[in-house]
Amino acid sequence: MSTTKVALLAAAAVLYVTPGFAQKSQDTLRIAINNPFAVLSNYDLPVDESTNFTRDVYDHLLYYDERAKKFVPGLAKSWTRIDDKTIEYEIRSDIKFHNGDALDASDIKATIDYAIDPKSKITFVANYNWVKEAELLGANKLRIRSHEVQSTDLAHMAYRFQIFDGKLLNKMADKADYGRLNPVGSGVYKVTQIDPNKGIIVERYDGYNTTPDVKKASIKRIHGIPMPDKQTQAAQMMVGGIDILRNVEPDLAKALAANPNMETSYVAELNLFYFALDAQNLSGNKALSDIRVRKAIHMGINADEIIKHIVPGGHVAEKLYADCFKATIACKYNVKPVGYDPAGAKKLLAEAGYPDGLDLHYVVYAANKSIGEAVAGELYKIGVRVTVQATDITLYRRMLSDGKLQAWSILYPTGTFPDASGIMNVLFTGPAMKYYNDEVIAKATEDGVREFDPAKRADIYAKAFDRINEQAYHFPLSSIPTVYVHSKDVKIKEDPFSAGQTFVSDYVWK
């Protein structure tokens, strides 16, 4: 959005004052949806804005309390590890789906069978196909077996597997239609409408009984309204057409906050922003294969200044020293990245044969272009001439697979699965590993999922995180808080389980 348009919006926002700005009196909260969706299923459409709803519509067998760092019961009241590949779950008998169907172990099995069926068109197959089978042992008991030892099996159940009504699911000709035609769960909110044009409406489920002492639906009704155009969103905020915006650009947030009926909230979430370099010369920039050059580039980035002045909500951001967070399961490191030292960086570049600096092509996720430009500005000071290319995720993945990335920064929402194994799988396996070809990291990634002891797991992953810092493969710059603009009647509270994400049940009236 241009500076002129933002200024005009700011002026209009200051002038517009009206009582009853939000629909608090009707107990309905309206959220702008940037990318309209017509499917509510993390199996079939795992996108950020739908996940904001799915976590509260569907339940899990168990949950992970990220602050207490322990698993707590969900639909399963207890579980027992039979062996390294098998867990037995005792399912509660007092849970009903939104449509009144009683939930039992057969619903768990039906959901898992769908997720692991090779015929199912699941988006991220690897999140589910480690499961070999779900075996019913009775109406309220089943065993879940994995193909291989999987130390993160409980975590996958707590974050990945959202339970459907198996009675409905098994009747459907195309089970992928469940989240479109019958998005029935047992969570704190039930779906009353899902339409790509009209949006999604969820209402408080009065029969919710899974974790009623922890999760609450404070607001009766929440309406996600499709509104891809940012100017339309801003205008609707000013006239009271919507009550909350997520992931707001800093300049627009500042402009809208000038309205006395609006507030800005910066929520600390586990969104990883990192700076990566091609260490294997796949992209044709030979200089980057020299560790001295990679270290020099890292030494030229003043993370403190970027976090303070450029990162939206930098005052609540977490400065990172590895590709993981304090709340990440098995996050441990002994070696920190090189510190900011522009003079030392220039010296290293000269030693490596680049006294006059070098050219660097830098791909950055479009939503974080301003941070990427700040990184480029820092590197210019040490003689690294950076060309910044802002891109979407699709183009980034294509360039990653084709070996065309020299330097890149992508925002990775680690809170969706806050375990070191998930981070390593995303950042250092498959096409990404071609840029490093590092046996130390590969071995740690493989060994980490086979170790059940928490302390030993952390020690294994420490070898990988230390190696990444030693070789200057990645520069973990900062977390990226989520920026909200909302009615002054709205408050965003901490999620009871997650330290790195918020969901619709975390929006409350003041």
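Residue farthest toward the positive end of the dipole of the chain, with Cβ of Lys/Arg at +1 and Asp/Glu at -1: which of LEU405, SER25, LEU245?
SER25
Just to be sure I follow the rule: in the stretch 25-127, considering lysines 8 or more places apart or on different chains, how many pairs have Cα atoms under 24 Å apart?
11
Looking at PRO476, VAL490, ILE460, which one has the Cα that reaches farthest to the positive end of the dipole of the stretch 450-493 (charges on Cβ: Lys, Arg +1; Asp, Glu -1)?
VAL490
Taking the mean number of other Cβ atoms within 10 Å as a proxy for protection, how do you rank 240-247, 140-147, 335-342 from highest to lowest?
Answer by packing, highest mean first, reads 240-247, 140-147, 335-342.
Which three extents, in angstrom, do the Cα atoms of the stretch 35-216 have along their principal axes, listed largest first?
48, 38, 32
Would you mind calculating the gained length between LYS24 and VAL508 on full extension (0.36 nm times residue separation, minus the Cα-Cα distance), in nm to one decimal? It would help to have the intermediate numbers written out before the result.
On the way: separation 484, 0.36 × 484 = 174.24 nm, distance 0.99 nm.
Extending this stretch completely gives an extra 173.3 nm.
Mean residue ellipticity at 222 nm from the helices of the chain, using -39,500 (n - 2.57) per DSSP H segment of n ≥ 4 over the full residue count, to the nearest 500 deg cm²/dmol?
Rounded to the nearest 500, it is -8500 deg cm²/dmol.
For the stretch 271-479, with only Lys/Arg (+1) and Asp/Glu (-1) charged at the beta-carbon, what is the dipole magnitude about the Cα centre, in debye rounded to 20?
On the way: 24 positive and 24 negative charges, 25 e Å.
For the stretch 271-479, the charge dipole is close to 120 debye.
ALA472: net charge of surrounding residues, Cβ under 11 Å, Lys/Arg +1, Asp/Glu -1, itself excluded? Provide the component values of the computation, followed by the final result.
Values: positive: ARG292, ARG294, LYS295, ARG467; negative: ASP290, GLU470.
Net of charged neighbours comes to +2.
Of GLY377, GLY448, LEU61, which is farthest towards the positive pole of the chain's charge dipole, taken about the Cα centre with +1 and -1 on the beta-carbons of Lys, Arg and Asp, Glu respectively?
My answer, from the dipole projection, is GLY377.
Tally Lys/Arg at +1 and Asp/Glu at -1 over every other residue whose Cβ is under 11 Å from the Cβ of LYS456; what's the total? Could you put the intermediate results ahead of the total?
Numbers: positive: LYS332, ARG450, ARG457; negative: ASP447, GLU451, ASP453, ASP459.
Every neighbour counted, the sum reads -1.
I want the local charge near THR211. Using Cβ-Cβ distances under 13 Å, sum +1 for each Lys or Arg and -1 for each Asp or Glu among the other residues. Could the numbers behind the result be given before it?
Details: positive: ARG55, LYS77, ARG92, LYS215, LYS216; negative: ASP56, ASP59, ASP65, ASP94, ASP213, ASP495.
Local charge sum for THR211: -1.
Under a point-charge model restricted to the Cβ atoms of Lys and Arg (+1) and Asp and Glu (-1), what is the dipole moment magnitude of the chain relative to its Cα centre, in debye to the nearest 20?
Values: 62 positive and 63 negative charges, 99 e Å.
Here the size comes out at about 480 debye.
Only four residue types carry charge here, +1 at the Cβ of Lys and Arg and -1 at the Cβ of Asp and Glu. Report the dipole size of the stretch 35-216 about the Cα centre in Debye, rounded to the nearest 20.
Working: 26 positive and 28 negative charges, 25 e Å.
Roughly 120 debye, rounded to the nearest 20.
At 7 Å along Cα-to-Cβ for each site, give me the label-to-label distance between GLU133 and VAL440 in nm.
My value for the distance between the label points is 4.3 nm.
Between THR80 and VAL125, what's the calculated FRET efficiency when r is the beta-carbon distance and R0 is 22 Å? Round to 0.05.
Details: r = 28 Å, r/R0 = 1.27.
Efficiency computed from Cβ-Cβ geometry: 0.20.
Pull up the cross-link candidates among the aspartates and glutamates for LYS132, meaning alpha carbon to alpha carbon under 18 Å and not fewer than 8 places away within one chain.
Partners found: ASP83, ASP84, GLU88, ASP107, ASP113, ASP117, GLU148, ASP153.
Largest first and to the nearest Å, give the Cα extent of the chain along each principal axis.
72, 65, 39
Taking the Cα-to-Cβ direction at LYS216 and at GLU470 and moving 7 Å from each Cα, how far apart do the two end points lie in nm?
The modelled label-to-label distance comes out at 5.0 nm.
Evaluate the distance, in nm, between pseudo-label points positioned 7 Å from the Cα of LYS347 and of HIS315 along their respective Cα→Cβ axes.
Each label point lies 7 Å from its Cα, and together they span 3.8 nm.
Here, each number is a calculation from the coordinates, and none is a lab measurement. All values derive from a computational prediction rather than experimental measurement. Reconstructed Cβ throughout: ideal geometry from the backbone, glycine too, with neighbour counts over all protein chains shown.
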